[in-house]
Amino acid sequence: MKINFIFLLSFFLLISCKDSTSEGEQERQITNSEDYNNYLAIQKVRTTSPYFELWNSKITADSVELPSFTAVAGQYNMFFESTGDISYLKKAEQSLEKAVNVANLDQEKYYRSLARNYISQHKFKEALVYADSAAQLSKTIPATQHLLFDVHMELGNYAKADSIKKFFADPEDFDYIIRAAKWNDYKGKLDMTLMFMEKAKEKAEASKNRSMLLWVYSNIADYYGHDGRIKDSYEHYLKTLEIDSSNAYSKKGIAWIAYSKDKNSKEASRIIDSVLTGHVSPDYYLLKAEIAEFENDKVAKKTAMDSFWKLANNPAYGNMYNTYKIEAYAEDPSTTKQALTLAEQEIKNRATPETYQLLALANLVNGNNEKALEIITDHVADKTFEPTALLTMAKVYKANMMPAKANDLKMELLEAAYELGPVKLREIQSL
């Protein structure tokens, strides 16, 4: 029997196309509410425990019991992570400051703890003071070296951070591996960053350490997103929630996937609203505002922005939300002067390529195009590879009649459409 090979080939091609189309449809839709609905159930937020009550009861006005201060501070940190309530982070600071003042032995341990608290509050220069104090007492202790590296990275002192990293370089040590990942991320080497993060994941899974697993899964989910591996990102946010069902950060990550990848803004809003029942942070309202803008719902956007400002203007937050504030001020024609003032202040807090791009943006929206270009040229170009910074660079180049440079960045930015989101994609397309 003669077989019609052309017909057979056409048949297989047709089947193959149908299969690939089906797989493509499935791949395009990443989120599935059945995967995470149980994690969205309203949970009572825990802001006390027998352990906390025990140690807190030992603290009096003239107390000098160091274990009480550190134990209570640790619990306050946990409450802050669970609720987003800044008052808990400030209470932790107060406990640690008291510990520093009364400690006679192991002072470097309390210096490190207070410095970590200051990093969380974006009080980076204050953190450096205590990190240096710890180093004077215990410079060779890895925990102190890790702290110094972290602080100098936050401050943009990259050469100093690199020199410190060499002192604790150990390719088998978890703390070194995650910092090597951070270093390569700063250098724009995403493949190396992921290599280190995957090695860190192996270490965490082998140890079965809950804190390590939570950190690795949530952070590697972010990096997978940067690399366009959205399904892997989604799966690791789910892994985080399997360990900690109340983890707000991972829920926000899933909401971003629903919004930016699946274009399912209703589902993204539902996820964020569930988070806000027990965990309140200003940046969650910014995501709600962006989703509302995507939906062309001006009323919902204003409501979300009002909620953001109400929270973010709490003096207790200090510098923690300066970046978000500058971007919000720059977006509104009536507040561009505030954007410039705050951007100049933030440079004093930490002078990094990311804060300089904000200063360039603030100058741009105030009509200082040449100044913005000078800042980009001196402090941003080839010094950061973050999509947000690249978008600012492209805008500055366009405003300064440099279409070739703007267009080169436009091509790169289109590849980062998922990271920047649908609203920013409109800006990219208009370059």
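What Kirkwood radius, in Å to one decimal, follows from the Cα pairs of region 264-315?
Hydrodynamic radius (Kirkwood, Cα pairs) of region 264-315 is 11.0 Å.
Around residue 134, what is the net charge, scoring Lys/Arg as +1 and Asp/Glu as -1 over all other residues with Cβ under 10 Å from its Cβ?
+1
Among the GluC sites (Glu not before Pro) in region 363-420, which ones are in a DSSP loop with at most 16 other Cβ atoms within 10 Å of the Cβ? Mind listing them?
415
What does the C-alpha gyration tensor say about the overall shape of the chain? Classify as rounded when a/c is under 1.5, otherwise prolate if a/b is larger than b/c, or oblate.
Prolate is the answer for the chain, as a/c is 1.5 or above and a/b outweighs b/c.
If I model a spin label at residue 335 and residue 97 as a point 7 Å from the Cα along the Cα→Cβ vector, what separation in nanometres do I get?
Spacing of the two 7 Å Cα→Cβ label points: 2.8 nm.
Could the peptides 265-275, 399-409 be put in order, highest first, of the mean number of other beta-carbon atoms found within 10 Å of their residues?
Result, highest mean first: 265-275, 399-409.
Give the calculated FRET efficiency between residue 242 and residue 414 to the nearest 0.05, with a Förster radius of 25 Å applied to their Cβ-Cβ distance.
0.15
For a paramagnetic label modelled at 7 Å from the Cα of residue 374 toward its Cβ, which residues of region 383-400 fall within the zone defined by backbone nitrogen distances under 17 Å?
396-397, 400
What fraction of the Cα pairs in region 160-211, stated in percent, has a spacing above 14 angstrom?
In whole percent, the long-distance tail amounts to 52.
Report the charge-dipole magnitude of region 170-245 in Debye, nearest 20, computed about the Cα centre from +1 at each Lys and Arg Cβ and -1 at each Asp and Glu Cβ.
100 debye
With a 10 Å radius around each residue's Cβ, average the other Cβ atoms per peptide and rank 106-118, 185-197, highest first.
Top of the packing list down: 106-118, 185-197.
For each pair in 263/383; 251/301; 310/371; 261/424, compute the distance between the two Cα atoms and list the pairs where it is over 25 Å.
With Cα atoms farther than 25 Å apart: 263/383; 310/371.
Region 78-142 to region 352-431: how many Å between their Cα centroids?
Taking the Cα centre of each part, region 78-142 and region 352-431 sit 36 Å apart.
With a 10 Å radius around each residue's Cβ, average the other Cβ atoms per peptide and rank 235-243, 138-146, highest first.
Highest-to-lowest ranking by the protection proxy: 235-243, 138-146.
Please compute the alpha carbon radius of gyration of region 278-431, then divide it by the globular-protein estimate 2.2 N^0.38 Å. Two decimals is fine.
The value comes to 1.03.
What's the extension gain from residue 28 to residue 235 if we count 0.36 nm per residue and subtract their Cα-Cα distance?
My answer for the length gained is 73.1 nm.
Normalized C-alpha radius of gyration of region 68-122, against 2.2 N^0.38 Å?
Relative to the 2.2 N^0.38 Å estimate, region 68-122 comes out at 1.05.
Shape of region 101-170 from its Cα gyration tensor (a ≥ b ≥ c, root eigenvalues): rounded if a/c is under 1.5, otherwise prolate when a/b > b/c, or oblate?
oblate
Where Rh denotes the Kirkwood radius from the mean inverse Cα pair distance, what is Rg over Rh for region 170-245?
0.96
What is the spread of the Cα atoms of region 87-223 along each of their three principal axes, largest first, in whole Å?
Sorted largest first, the three principal extents are 45, 31, 25 Å.
Spin-label point model (7 Å from Cα, Cβ direction): what's the residue 160 to residue 137 distance in nm?
2.0 nm
Calculated from DSSP H runs of 4 or more alone, at -39500 (n - 2.57) each and per residue, what is the 222 nm mean residue ellipticity of the chain, nearest 500?
Value at 222 nm, helices only, nearest 500: -23500 deg cm²/dmol.
If Lys and Arg each add +1 and Asp and Glu each add -1, what is the summed charge of the other residues whose beta carbon sits under 13 Å from the beta carbon of residue 264?
After counting each charged neighbour, the total is +2.
Please give, to one decimal in nm, the separation of the simple spin-label points placed at residue 426 and residue 405, each 7 Å out from Cα toward the Cβ.
It works out to 2.8 nm between the two label points.
All of the numbers you see were taken from the coordinates with simple rules; none came from a lab. Quantities reported herein were computed from a predicted structural model and do not represent experimental measurements. Ideal geometry is used to build each Cβ from the backbone, glycine not excepted, and the neighbour counts take in all protein chains shown.
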